Amino acid sequence: MDREPVRVARARLPRLDPVSGPNTDYDPVEVTPLKPEEVEAARDAALAAIAAAADLAELKQVRIEHTGDRSPLALANREIGALPPQARKEAGQRIGQARGAVNQALAARQEVLEAEHEERMLVEETVDVTLPTDRVPTGARHPLTTGAELISDIFVAMGWEVAEGPVIEAEWLNFDALNLGPDHPARTMQDTFWTEPAENHLVLRTHTSPVQARTMLSRQPPIYVVCPGRVFRTDEYDATHSPVFHQVEGLAIDEGITMAHLKGTLDHFAARMFGDGINTRFRPSYFPFTEPSAEVDLVCFVCRGSGEVDGAPCRTCRGEGWIEWGGCGVVNPRVLRACGVDPERYTGFAFGMGIDRTLMFRHGIEDLRALFEGDTRFTTAFGTEL
Amino acid sequence: MKAPVSWIREYVDLPAGVTTDELTARLTALGLKLEGIHSAGADITGPLVVGRVLTVEPEPQKNGKTINWCSVDVGAANGTGEPQGIVCGAHNFAPGDLVVVILPGGVLPGNFQISARKTYGHLSAGMICSARELGLGEDHDGIIVLPADAGQPGDDAFEVLGLREEVIEFEINPDRAYALSLRGIAREAALAFGAPYRDPAARTVPEPNDLGHPVEIDDPAGCPVFVARKVTGFDPAAPTPDWMALRLQQAGMRPISLAVDVTNYVMLETGRPIHGYDAHKLTGPIRVRRAREGERLTTLDGVDRALSPEDLVVTDDSGIIGLGGVMGGETTEMSASTTNILVEAAHWDAVSMFRTGKRHKIGSEAGKRNERGVDPVITPAAADRVVELLTTYGGGTADPGVTVVGTPPAPPQITISYDLPARVTGIDIDAAATVANLEAVGCTLDKADSTLTATPPPWRPDLNDPFDLVEEVARIVGYDRVPSVLPREAAGRGLSREQRLRRRVGRTLAGAGCVEVISFPFVGDAAFDALGLPADDVRRRTVRLANPLSSEEPSYTTTLLPGLLKAGARNIGRGATGVALFETGTVAFPTDRGPAPIYGVDWRPSDDELAKLFEALPEQPLHLAVVLAGERERAGWWGSGRDAGWSDAIGLVRRLAAELGVGLEVESATRAPWHPGRCAQVRVNGVELGHAGELHPKVCQAFGLPARSAAVEIDLDLLMRHARDVTPGPEFSTYPLAKEDVALVVADGVTAAAVEAALREGAGPLLESVRLFDVYTGEQVGEGRTSLAFALRFRAPDRTLTEEETAAARDAAVALAAERTGAVQRS
Ligand SMILES: [Zn+2]
């Protein structure tokens, strides 16, 4: 227990004059034994003073006056030795009892007053706990970073690995190896940033698919990799488009892989990302690197597919019950061949979706640009994990 | 591609009661992606009726305009049968014309409520409508004047105008070029509902003969089939029939003239682009060849084009008259006086079409179809259909000549095993289903015991590979039947070392109160100038983009600082009193090791070839940058705050290095954009990691940051390479600590790090820690000198140190500091 304030309180008290002054002309030869009634009177005076002590300082004074060296009982006690043996025993007993009673009362009073003091002290130290505490600003990680990590973790938990590659990429890896030949109509659909001079055949990758190609080129199946990363297209920058955005793609190559495994994987991904019961559906589509190809829709995790929230059309899926999530398909054997995987032995599936867009509908972010402005009010809302 | 539902239904007997929503849902399930359902006039509410103009009284107004006060017969539609008085501002009509009238109580698009209202001194009871007012187009030259036989006054104009009819707009994927026609879309609809289908291109065509216009093909690979037919005595003034004009409009094309409209209509109907020539302007036989170097052509759009030897051209004796399959030339263009029309229906090589379109930046409806692949077999039928429509509505005669040169390319033969669709999709598809569905899409099958060989129909040039057939079978079976099964993955190796380290870096910085930012990696000279980079700074040598979004920022960045400093300033500008931001991102430095090769795709490039490819890429290290501006600790009821400064920046690098178990060397350095006296170069094993410190005042000013803002930029790849993988468990003593504080006076320029290193070495193994706790300059130490106060802490692993041992170690430390740095102990 912290006793410091107690000492301070005592020190501040004025010094009280003793009730009976010191016996300056003390002469042990002349003393006479105290009469029993005088002992009792001294004891009673002490007990009364103890009971009257209002605080620890007063009690300390009382202790000095009634039990100190010059207190009547102490003086009386000292005189016992001078008494004849017979009287000595009787006086000793009497004085001893009196002193005992006084000390006991002192201890009891001390305890009461200390408890009172502590209680008062705690009250006095009360603070306003609603005062602000934000002395050191809070840091945060970007939701695109933590979002990519969340996705990666979902796949790593399934035994997949996370593959990465450069953002400035060889044209052959970004296009040709993925069955997007120089004359493929799909190549015009992706407006690509080329580095100067264009004859160097280097692009800012338009998707993370070259990472898939790199993975296949560097090792043999089984391959289970997920590739999150930054990609580029020459889109104008507005609330829903950005020349810089983020994708996650997945690639599985193994013996006996089918579209069913693709569906199973995406259903699992959807459920982990958006909650149990949220799964996907496929719509036929076209991508050069997959055949068959499909668009992936996600059951709307807000209205759970009903298209309605509280009787009004769901805002997240615009009443559709489904959210367009990405593209997928069975890896085109032409891609496998270009990347050194035997298409007779292995099949594979691939999928891809925008991380930015996924976060936008998962978190109800209205304007894509919020992700790239660097306003700390946006980012700190997400903390350090998504 | 926009397809009116009524047009689709013309070729397929959809079950009664099939709604447009059901139709689109089924077509979507087959792979025709729905873009939207349009219904012109859906936002108009009646009464919208046919009216006959009875009188027109022009009334000039003070403002110079002339309005017409009209009376219009609307039959019984107004309830009285009396003529309706209407004020109209248009002048393209006369008494007797049939017009479209919206009566009071009607609502036009944009929730424009029509009521009888006083205007120009008349009570105008309704409105005579223009196409734009009805939301039918941008044509605002005047009001709609209906053909004389369009109907009677009072008739419902919705029907007359084809309003409220539903038009489905599809987004057609590149592999489904056949669906760029009603023929193809209706075929899919028939497939979706198992409904009977009538092929609009199935028609009996006249036998080819040599009476027609002579045609020679020099490049049969580029132009395998060329059909020429002629119509003579055509009336160029003949109007396009309303039904055709309406369908063209519904499909998103503008009616122009009967001859042009017919070619467009047949293109929409069959998918085959058609070109019409003014036959009078043709001289001599038509010849198709590749262009020669230096040849030029002025195309229909008036652009004079330099041709490439890869371009396919159509010529006659006068020279080049068209860019084959892409756009015709000016010299033989049909005009308002064209009476003889030569109809060209030709099949072109798709790749040539794509390259020519791209080279000349021509994106036409014809080119779009030709470059994706058109049914080569229907070429004569399409030409015949054009002739039929021209003669039916334009009054001419079909010339008996029928020129057909070339033969359609042979379709591929694709052999698959019966169970391939099942093996690829995981759907239970038996051999019978495979056969039935391939036949349903038009394949001709040659069925062997274990394999079948499919010949795709001519309208499906996209079907070339076994997996293409798998997709056809699967989409008809239905993608909703794909089961959901998790694969049995191999044991993965988890996150890589670098991936884990990157997370650790991010968490450490966030834990230190920094907020992560992701900015665009584009940069330009303005940012380099603002950073004060010298002209020869390596960061000014960038990887430039050939097609940057902005010419101000034409390069991939070499430093993360511009984006970060801008984000910092943005936060301050929005009222933040302090900001601490970090970004990890790729920067790029050119290597100039030549172009990246383009290899074939039929087999894997060799390892050497791949190495050459990888080598051509720029250096792309991962950088980390931090900016600290304004308050680092907030002011509050606890007292004043503290602004960020140089030491916070260096401190962050130290903290990061400690987190990763990397020993860091810090030395003063001079480098833009930092303050020359407050910049540290941080190094690992003597190799530069990066810089940290206070920003140059001019840089703070240039970016709009508070004075004394600080920044860091380091090569994160390098730091992570040195990260300690396994931390040895530390050993420490629990014997009592012995404390010795020493104050050492050194000359200015002697660094604290140097003194500390000497103390550390001199103190020997008993030293547990040394920490600089005070720096003092002033009178008591004399000018040009600094007092550094260090707290030395000693402890032995096996015993309590004696005062003598501690003092001896302290003295040894001080002695070595004195020897190495000239430090003098203050008494
Ligand atoms: Zn919803």
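In terms of its alpha-carbon gyration tensor, region A:204-292 comes out oblate; a/c meets the 1.5 threshold, while b/c is at least as large as a/b.
From the largest down, region A:55-188 spans 132, 35, 21 angstrom on the principal axes of its Cα atoms.
Taking every Cα-Cα distance in region B:174-329 and sorting them into 5 Å bins from zero, the calculated P(r) comes out as 2, 7, 13, 16, 19, 17, 13, 8, 3, 1, 0 percent.
Take each residue in A:154-167, count the other chain C-beta atoms within 10 Å of its C-beta, and the mean is 5.
The trypsin sites (Lys or Arg not before Pro) of region B:718-809 that DSSP puts in a loop, and whose beta carbon has at most 13 other beta carbons within 10 Å, are B:724, B:799. Can you give me the C-alpha center-to-center distance between region B:737-753 and region B:103-136, rounded to a whole angstrom? Result: 92 Å between the Cα centres.
For chain B, the longest principal axis of the C-alpha atoms and the axis of helix B:646-659 are separated by about 90°. Per residue, the accessible area of region A:218-309 comes to 31 Å² when a 1.4 Å probe rolls over the protein heavy atoms. For residue B:444, the residues whose modelled amide H falls within less than 5 Å of its own, excluding neighbours fewer than 5 places apart on the same chain, are B:455.
When A and B come together, around 8500 square angstrom of accessible surface is lost from both chains combined, probe 1.4 Å. Applying the criteria of a DSSP loop state and at most 14 other Cβ atoms within 10 Å to the GluC sites (Glu not before Pro) of region A:154-253 yields A:236.
What's log10 of I(q)/I(0) for region B:738-825 at q = 0.12, 0.14, 0.19 Å⁻¹, Debye sum over Cα points only, no solvent? Values, matching the q order: -0.33, -0.44, -0.76. Taking all Cα pairs closer than 8 Å and separated by 6 or more residues, the relative contact order of chain B comes to 8 percent. Relative to the dominant Cα principal axis of chain B, helix B:379-394 is inclined by about 60°. Mean residue ellipticity at 222 nm, helices only, chain B: -8000 deg cm²/dmol; runs of at least 4 DSSP H residues each add -39,500 (n - 2.57), and the sum is divided by the number of residues. The longest part of chain B holding none of the exposed loop GluC sites (Glu not before Pro), meaning those outside H, G, I, E and B in DSSP with at most 13 other Cβ atoms within 10 Å, is B:311-551. The per residue volume of the convex hull around the alpha-carbon atoms of the protein assembly as shown is 340 Å³.
Put a dot 7 Å past the Cα of residue B:669, heading toward its Cβ, do the same for residue A:124, and the two dots end up 5.8 nm apart. Among A:256, A:319, A:100, the residue with the largest mean-square fluctuation in a Gaussian network model of chain A, with springs joining Cα atoms closer than 10 Å, is A:100.
For residue B:405, the accessible area of its heavy atoms, probed at 1.4 Å with every protein chain present, is near 30 square angstrom. Per residue, the convex hull spanned by the alpha carbons of region B:513-583 comes to 100 Å³. Taking the protein heavy atoms of region B:148-246 in the context of the full set of protein chains, the accessible area attributed to carbon and sulfur is 51 percent at 1.4 Å. Taking amide hydrogens as placed 1.01 Å from N in the peptide plane, the amide H of residue B:33 sits under 5 Å from those of B:171, B:173, each at least 5 positions away in sequence or on another chain. Relative to the longest principal Cα axis of chain B, at what angle does helix B:803-821 sit, 0 to 90 degrees, rounded to 10? Roughly 60 degrees between the two axes.
Which trypsin sites (Lys or Arg not before Pro) does region B:324-412 hold that lie in a coil by DSSP with at most 15 other beta carbons within 10 Å? When the trypsin sites (Lys or Arg not before Pro) of region B:324-412 are filtered for loop state and at most 15 Cβ neighbours within 10 Å, B:361 remain. Look at the stretch A:332-339: the mean tally of other chain Cβ atoms within 10 Å of its residues' Cβ atoms is 4. Taking one quarter of the surface of the C-alpha convex hull of region A:152-262 gives a mean projected area of 8.4 nm². Of the listed residues B:646, B:637, B:243, the order by accessible area with a 1.4 Å probe, largest first, is B:637, B:646, B:243. Which shape class, rounded, prolate or oblate, goes with region B:414-481 when its Cα gyration tensor gives a ≥ b ≥ c as root eigenvalues, a/c under 1.5 marks rounded, and past that a/b bigger than b/c marks prolate? Note, shape of region B:414-481 comes out oblate. In order along region B:412-425, the phi-based Karplus estimate (6.51 cos²θ - 1.76 cosθ + 1.60, θ = phi - 60°) of 3J(HN,Hα) comes to x, 10, 10, 9, 9, 7, 4, 8, 4, x, 5, 5, 7, 8 Hz; Gly and Pro are listed as x.
For residue A:191, the residues whose modelled amide H falls within less than 5 Å of its own, excluding neighbours fewer than 5 places apart on the same chain, are A:234. Distance from the Cα centre of region B:759-827 to that of region B:349-376, in angstrom? One Cα centre to the other: 83 Å. Burial annotation for region A:360-377: residues with an accessible-area loss of at least 10 Å² between the isolated chain and the complete set of protein chains, computed on heavy atoms with a 1.4 Å probe, are A:372, A:373, A:374, A:375, A:376, A:377. Note on region B:402-551: Cα-Cα pairs beyond 19 Å make up 73% of the total pair count.
Across region B:158-179, the residues whose backbone nitrogen lies under 16 Å from the label position 7 Å along the beta-carbon direction of residue A:318 are B:169-171. Taking all protein chains together and rolling a 1.4 Å probe, residue A:372 ends up with roughly 10 Å² accessible. The string of couplings for region A:118-129 from the Karplus curve (6.51, -1.76, 1.60, θ = phi - 60°) is 4, 4, 5, 4, 4, 5, 5, 8, 4, 10, 8, 6 Hz, one whole number per residue in order, with x for Gly and Pro. Just so you know, the averaged projected area of the alpha carbon convex hull for chain B sits at 57.4 nm².
Taken one residue at a time, the phi angles of region A:76-91 give Karplus couplings (6.51, -1.76, 1.60, θ = phi - 60°) of 4, 5, 5, 6, 4, x, 7, 7, x, x, 5, 5, 4, 5, 5, 5 Hz. Gly and Pro are set to x. Rounded, prolate or oblate, given the Cα gyration tensor of region B:48-161, with a/c below 1.5 counting as rounded? Verdict is rounded for region B:48-161. Measuring max minus min along each principal axis, the C-alpha atoms of region A:107-174 give extents of 93, 29, 15 Å (largest first). Calculated accessible area for chain B comes out at 44 Å² per residue, all protein chains present (probe 1.4 Å; ligands, DNA, RNA ignored). Under 10 °C and 1.306 mPa s, how fast does chain A diffuse according to Stokes-Einstein, given a Kirkwood radius computed over C-alpha pairs? Answer in µm²/s, whole number. Answer from the Stokes-Einstein relation: 56 µm²/s. Computed in the context of the full set of protein chains, the accessible area of region A:143-380 at 1.4 Å probe radius has 46% of its extent on carbon or sulfur. Short-range pairs are left out: with C-alpha atoms under 8 Å and at least six residues apart, the relative contact order of chain A is 14 percent.
Using R0 = 60 Å, the C-beta based FRET efficiency linking residue B:598 and residue B:16 works out to 0.60.
The values are calculated or read from the model by the stated rules, or taken from the named source; none is laboratory data. Owing to the predicted nature of the structure, the values given are computational and were not obtained by experimental measurement. With ideal geometry, Cβ positions are generated from the backbone for all residues, glycine too; neighbour counts draw on all protein chains shown. Ligands, DNA and RNA are stripped out before the accessible areas are found, and what is left, the full protein with its side chains, is counted by its heavy atoms. Shrake-Rupley method; radii C 1.70, N 1.55, O 1.52, S 1.80 Å.
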